[in-house]
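A short worksheet on the structure shown next.
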Amino acid sequence: MIRVQVSHLSLYEYSTEVQLGIHHLFLLPQDRPYLHLEKENWHISPLTQGQNYRQDLFGNWFKQVWFSIPTRTLEIETDWVFSLHPYNPFGFIIEPNFEKIGWEGLDFQYSYLENPSFLAPFLAVPNPMIYQSFLLGIQERSTGLTDFLVNLTQEIYQNWTHEVRHEQNVWEGDFTFSRKSGSCRDLSLMQMQMLGSVGLATRFISGYAFNPDLEDGHELHAWLEVFLPGAGWVGLDPSLGLLTDHRYIPLACHPNPASTLPVQGTFGGKADSELKTFVDLKLSN
């Protein structure tokens, strides 16, 4: 077991005074069996008029806040202490029929016989054909679906350059694919679209990853999860070539990366805004 402290500051500065609208703060750790929350502190400025905890359609808990005081800054600071218990990311069994039908089919396509309508948002892929020959090459040297997922995640890690981008946008998968480079969120969306092109449902995850191999220290991180019947949602991190274990702390999951932003809200007024973010992860006594 390891104990980790996470300090996270989001500071919005506005060029003129604004009236803040309702904000949704996706800064709550999502439930995982290996994760135990020991300490939680919040600081929000200006003072909120009200706040409560809510849950969205995809199961994410978030804090809803609203304000009455005009301001030129919005400051949201959280401080957490987690105990993280060992978790084996390979400790799962895939439903044999699901794997067999997809793996042995001539077109290498998977199909979810249960709840296909529910999974539809997790399967939308623009330009799926651009990945076809690349993925077939990975399949040819893999022994099954789990091996394929490991090899694909490793292939992206080894052959795409991981870069740090401070912009909030996410590049489309085909652009990252052709560029051979991207941030953690770009690589994650690209792998989501790759897996979606063979019929596998995926979702985008934003959160923290306690791993000293991350180039930019311990910043906010992004990865993906793929839904495998019998196994559930299985995490993949193409930035590090790993299946995700207990060192990953998810804050939000959604098929659309834009819906996992830590702070989501509006303001009234004619102003420009600038976001400054600071995240620090360290071992705690």
| note | Contour minus Cα-Cα span, Tyr87 to Asn256, at 0.36 nm per residue, comes to 58.2 nm
| query | Counting Lys and Arg as +1 and Asp and Glu as -1, each charge on the Cβ, what is the dipole of the range 157-253 about the Cα centre in debye, to the nearest 20? | reply | 200 debye
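Only helical DSSP H runs with n ≥ 4 go in: add -39500 (n - 2.57) per run for the chain, normalise by residue count and round the 222 nm mean residue ellipticity to 500 deg cm²/dmol. It would help to have the intermediate numbers written out before the result.
Values: 6 runs with 57 residues, N = 285.
Taken over the chain, the calculation gives -6000 deg cm²/dmol.
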| In sequence order, what are the phi-derived ³J(HN,Hα) couplings for the range 127-134 according to the Karplus relation 6.51 cos²θ - 1.76 cosθ + 1.60 with θ = phi - 60°, rounded to whole Hz, with x for glycine and proline? | 6, x, 5, 5, 9, 4, 5, 4
| field | Dipole of the range 1-103, positive direction: furthest Cα of Tyr14, Phe98, Leu27, with charges on the beta-carbon | value | Phe98
| message | Report, to one decimal in Å, the Kirkwood hydrodynamic radius for the chain based on all distinct Cα pairs. | response | 20.1 Å
| field | Most positive-pole-ward Cα, His85, Pro262, Leu200, against dipole of the chain from beta carbon charges | value | Pro262
| Computed over the range 96-245, Kirkwood Rh from alpha-carbon pairs, angstrom | 15.6 Å
| Karplus 3J(HN,Hα) series, Hz, for the range 170-178 with 6.51 cos²θ - 1.76 cosθ + 1.60 (x for Gly, Pro) | 10, 6, 5, x, 5, 5, 4, 4, 6
| task | Find how much the distance from Thr73 to His36 grows on full extension, using 0.36 nm per residue of separation minus their present alpha carbon separation; answer in nm with one decimal. | result | 10.1 nm
| Within a Gaussian network of the chain (alpha carbon springs, distance under 10 Å), most fluctuating of Tyr12, Tyr248, Tyr131 | Tyr12
| field | Test item: Cα-centred dipole of the range 96-245, Lys/Arg +1 and Asp/Glu -1 on Cβ, debye | value | 240 debye
| remark: With +1 at each Lys and Arg Cβ and -1 at each Asp and Glu Cβ, the charge dipole magnitude of the chain around its Cα centre, to the nearest 20 debye, comes out at 360 debye
| request: Report the label-to-label distance for Ser15 and Met129 in nanometres (one decimal), using points 7 Å from each Cα along the Cα→Cβ vector. | output: 4.5 nm
| Selection from Asn169, Leu123, Val234, by position along the positive dipole direction of the range 96-245 (Cβ) | Leu123
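Using DSSP, restrict attention to beta bridges with both residues in the chain and report what percent are antiparallel, rounded to the nearest 5. It would help to have the intermediate numbers written out before the result.
Working: 68 of 70 bridges.
About 95 percent, rounded to the nearest 5.
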| said: A 26 angstrom limit on the alpha carbon distance is what I want to check against. Which of Lys180/Lys282; Lys39/Lys282; Lys39/Lys63 exceed it? | reply: Lys180/Lys282
| Taking amide H positions as placed 1.01 Å from N in the peptide plane, with prolines and chain starts having none, which residues 5 or more places from Leu251, or on another chain, fall under 5 Å of its amide H? | Gln30, Ser206, Gly207, Tyr208
| Two-site label geometry, Glu274 and Ile94: point separation in nm, points 7 Å out along Cα→Cβ | 4.8 nm
| message | Given an 8 Å cut-off on Cα distances and at least 6 residues of separation, report the relative contact order of the chain as a percent. | response | 29 percent
| query | Which order results if Phe175, Phe62, Phe82 are arranged by neighbouring Cβ count within 10 Å, fewest first? | reply | Phe175, Phe62, Phe82
| task | Would you compute the Debye intensity of the range 38-170 from its alpha-carbon atoms alone, equal scatterers and no solvent, and pass along log10 I(q)/I(0) at q = 0.10, 0.17, 0.22 Å⁻¹ to two decimals? | result | -0.66, -1.18, -1.44
| task | Within the range 88-104, which residues have the backbone N less than 15 Å from the label spot 7 Å out from Gln139 along Cα→beta-carbon, could you tell me? | result | 98-104
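Each reported figure results from applying straightforward, stated rules to the coordinates on display, with no laboratory input. Here the structure is a predicted model, which is why all the values come from computation and not from measurement. With ideal geometry, Cβ positions are generated from the backbone for all residues, glycine too; neighbour counts draw on all protein chains shown.
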